[in-house]
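The values are calculated or read from the model by the stated rules, or taken from the named source; none is laboratory data. Owing to the predicted nature of the structure, the values given are computational and were not obtained by experimental measurement. Neighbour counts are summed over all protein chains in view; Cβ atoms, including those assigned to glycine, are modelled from backbone coordinates with ideal geometry. Each accessible area value is taken on the protein alone, full model and side chains, heavy atoms only, with ligands, DNA and RNA left out. Shrake-Rupley method; radii C 1.70, N 1.55, O 1.52, S 1.80 Å.
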Amino acid sequence: MDRTVSALMRRGVAFALSAVLAAGALGAPAAFAYAAEGNAADTPATGTPAPDAPAPDAPSADGDATVDGSGGGAAGNSPSADDVPAKPAAKAATKVSGLNRTISKKPSGTIKDTIKVSPAGKRTVQLQLYNGAAKKWKTRATFTTNRAGKVTLKYPADWKKKNTTKWRVVVKATDTAKKYVSKTVQVTTYNRSTVKLKAKSAVIMEASTGQVFYAKAPDTKRQNASTTKMMTALLALERNKLSAPVTITKQAATTDYSNLGARAIGDVTTVKNLLYMTLLPSDNGAAEALAIHTAGSEKAFVALMNARAKELGCTHTSFKSPHGLTRKGHGSSARDLAKIARVALKNRTFAKIVNTKSYRFTTSRGNSYTMKTTNKLLGKTAGIRGVKTGYTDAAGHCFVGAFKYKGKTYLTVVLGSPSSDQRWSDTTALLKYVKKYF
């Protein structure tokens, strides 16, 4: 029995194989093979068509079936390169050169800035103004570059109405170039009104930013007398401990216009005490003592002063002494002195000393010194926080002040006022300017 079944099965397989070969020879669709055991011949396998169903169309190369059954997949039926859409070319980055990021102007002037845009061509350029209240940028002017990419931007008059305004430049994208948005361009409006001064030079500078809002001959180098001592004190603070003992030399004790006197020769006090003596009554001998203690000699200390001034960006300053007595070539400008004061006031000890009305100390030998500030506005004008007076015949009457107003500190400088009273009048006029516009 088993042999008979086995023989019949072998005959069935042979017959099926013959049918397949015959179909292939005739070009007919080949039938699927089924299991030879049980009732597999009556039920197709899962997911396969019935033996008499037509074969499904082959999928095309992109996964979609072709309508006529000639879909791709085979090498001979792949789509040609012309049928594949071209990948769009990447846009070039837009660059802008020649743009001024910080601009200072009097309100009577105009602001024009020439820039170059690349890639070149007719490009649309916008000047946008920042609205702080709305926290939004608004387009205030639109320009078009020439074919070389150049354009002159003319700032609308909005900047004349405030002390500072923020702008930016936006270059519109093209089919081949990306959009460009610049960093902030800050415009400072200074000398918004006339201030009647008799001082030869003057400046108002906001301490946190260094922005100048009023200027009269700000970069003219002049003899600056004892305002020099701001740099002397700054270096002494940066290079010494306040408690460090200082021996008073004969050179320091006998310096012109000093209250140390001969009794101080060989006496010992501290850096702290000499700082108060240098900055409050503006003692020349105390400044000399600090210089010699800090650098070993006046000459070496003066070299340090000039190097530090250069670091602070003082371009119209040349110190010849630590006290400011008239010497050929010695001098500074109103702007440079404001820069020095700005840095010095960041030192808490300096700021405390220049905001002190009086001070007293006793040396190791028991010599006592009592002193008062030469700043007549301190304690009398609200907001005044220092800083330093100065006077020589060559320099005239000078004053560098610090005025705190509405949470900000404004530095005022007057150089070359004709009298002490005029120095205070000139400074008061600058303070009124601050109150008017800030």
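Couple of notes before you dig in:
- Pairing each residue of the stretch 381-397 that is farther than 18 Å from residue 338 by Cβ with any residue that is crowded, with 23+ Cβ neighbours inside 10 Å and among the β-branched types (Val, Ile, Thr), provided the two are 6+ apart or on different chains, yields C-beta distances under 9 Å for 381/427.
- Among the residues of the stretch 165-180, none qualifies, meaning not one is assigned to a strand (DSSP E or B), aliphatic (A, V, I, L, M) and either modelled with pLDDT under 95 or touching a helix residue (DSSP H, G or I) at 6+ places or on another chain (Cβ under 6 Å) (or both).
- For the stretch 373-393, a residue qualifies if it is surrounded by fewer than 17 Cβ atoms within 10 Å (Cβ to Cβ) and over 35 Å from the mean Cα position of the chain (by Cα), and the qualifying residues are 376, 379, 380, 393.
- Residue in the stretch 297-328 that is farthest from residue 255 (Cα to Cα), counting only those that are in contact (Cβ under 8 Å) with a residue 12 or more places away in the chain and small (Gly, Ala, Ser): 313
- Some residue of the stretch 423-435 being in contact (Cβ under 8 Å) with a residue 60 or more places away in the chain and in a loop (DSSP other than H, G, I, E, B): no
- Contacts under 6 angstrom Cβ, first residue in the stretch 132-151 being open to solvent by 50 Å² or more (accessible area, probe 1.4 Å), partner assigned to a loop (DSSP other than H, G, I, E, B), 6 or more apart: 140/156; 144/122; 148/120
- Residue match in the stretch 394-410 (condition: in a loop (DSSP other than H, G, I, E, B), over 24 Å from residue 223 (Cα atoms) and open to solvent by 10 Å² or more (accessible area, probe 1.4 Å)): yes
- Test: residue in the stretch 357-372 that is within 22 Å of residue 332 (Cβ to Cβ) and either among the aliphatic types (A, V, I, L, M) or crowded, with 22+ Cβ neighbours inside 10 Å (or both): no
- Condition broken by residue 158, with the remaining ones in (1) touching a residue at least 40 places away in the same chain (Cβ under 8 Å); (2) of a type in the set (Asp, Glu); (3) part of a helix (DSSP H, G or I) satisfied: (1)
- Residue check: residue 204 meets all listed conditions (1) closer than 23 Å to residue 429 by Cβ; (2) touching a Lys or Arg at 6+ places or on another chain (Cβ under 8 Å) but one, namely (2).
- Single match in 309, 338 (criterion: in contact with a Leu (Cβ under 6 Å, 6 or more places away or on another chain), within 12 Å of residue 231 (Cα to Cα) and at pLDDT 95 or above): 338
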